[in-house]
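Before any comments, here is the structure.
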Amino acid sequence: MEDTVENNEIELDTSGSECPIPVLKARKLSQTLKHGDIVKVLTTDPLAEIDFKHYCEQSRFKYLGCQKIKGKYIIKYKFFSKN
């Protein structure tokens, strides 16, 4: 589960972990993000889409959507600093 940067997106692979771990890992990652960064979360947790919609709403990040591809969910959101 290593974070990678690809096409100006920061990829967070949380495959194999279940709620609330993907969101907790994303929250930890947010401490290192810059305004405008896009995060792409890879997860196998079917409840993650709902969790990330709520997380983005509460954190004032822009939820960009979710796709399901080959048993994985790919969730994207855009980080905005609170300053």
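The values are calculated or read from the model by the stated rules, or taken from the named source; none is laboratory data. What you are looking at is a predicted structure, and each value in this text was computed from that prediction instead of being measured. Cβ: placed from backbone, ideal geometry, glycine included. Neighbour counts: every protein chain shown. Surface areas here come from the heavy atoms of the whole protein model, side chains and all, with no ligands, DNA or RNA. Shrake-Rupley method; radii C 1.70, N 1.55, O 1.52, S 1.80 Å.
Some points to look at:
- Extension gain for the segment Gln67 to Leu47, taken as residue separation times 0.36 nm less the Cα-Cα distance, is 5.9 nm to one decimal.
- Amide H contacts of Asp37 (H built 1.01 Å from N, under 5 Å, at least 5 apart or other chain): Phe79
- The residues of the chain have, on average, 65 Å² of accessible surface per residue, using a 1.4 Å probe with all protein chains present.
- Apportionment of accessible area to carbon and sulfur, the chain, percent (1.4 Å): 49
- 3J(HN,Hα) from dihedral phi, region 8-22, Karplus parametrisation 6.51/-1.76/1.60, rounded to Hz, x for glycine, proline: 6, 10, 9, 9, 10, 8, 10, 3, x, 9, 10, 3, x, 4, x
- Sequence-ordered 3J(HN,Hα) estimates for region 52-68 from the Karplus curve with 6.51, -1.76 and 1.60 and θ = phi - 60° stand at 6, 4, 5, 4, 5, 4, 6, 9, 6, 9, 8, 6, 9, x, 9, 10, 10 Hz, glycine and proline given as x.
- Working note: 222 nm ellipticity from helices only, DSSP H runs with n ≥ 4, each -39,500 (n - 2.57), summed and divided by the residues of the chain, gives -7500 deg cm²/dmol to the nearest 500.
- Translational diffusion coefficient (Stokes-Einstein; Kirkwood radius from C-alpha pairs) of the chain at 10 °C, 1.306 mPa s, in µm²/s: 127
- Share antiparallel - DSSP beta bridges, the chain, percent rounded to 5: 75
- Spin-label pair Arg27-Phe80: with each label point 7 Å from Cα along the Cα-Cβ axis, the two points sit 2.1 nm from one another.
- With all protein chains modelled, accessible area of Glu18 [1.4 Å, Å²]: 130
- The chain: Lys pairs at Cα distance under 14 angstrom, eight or more positions apart or on different chains: 17
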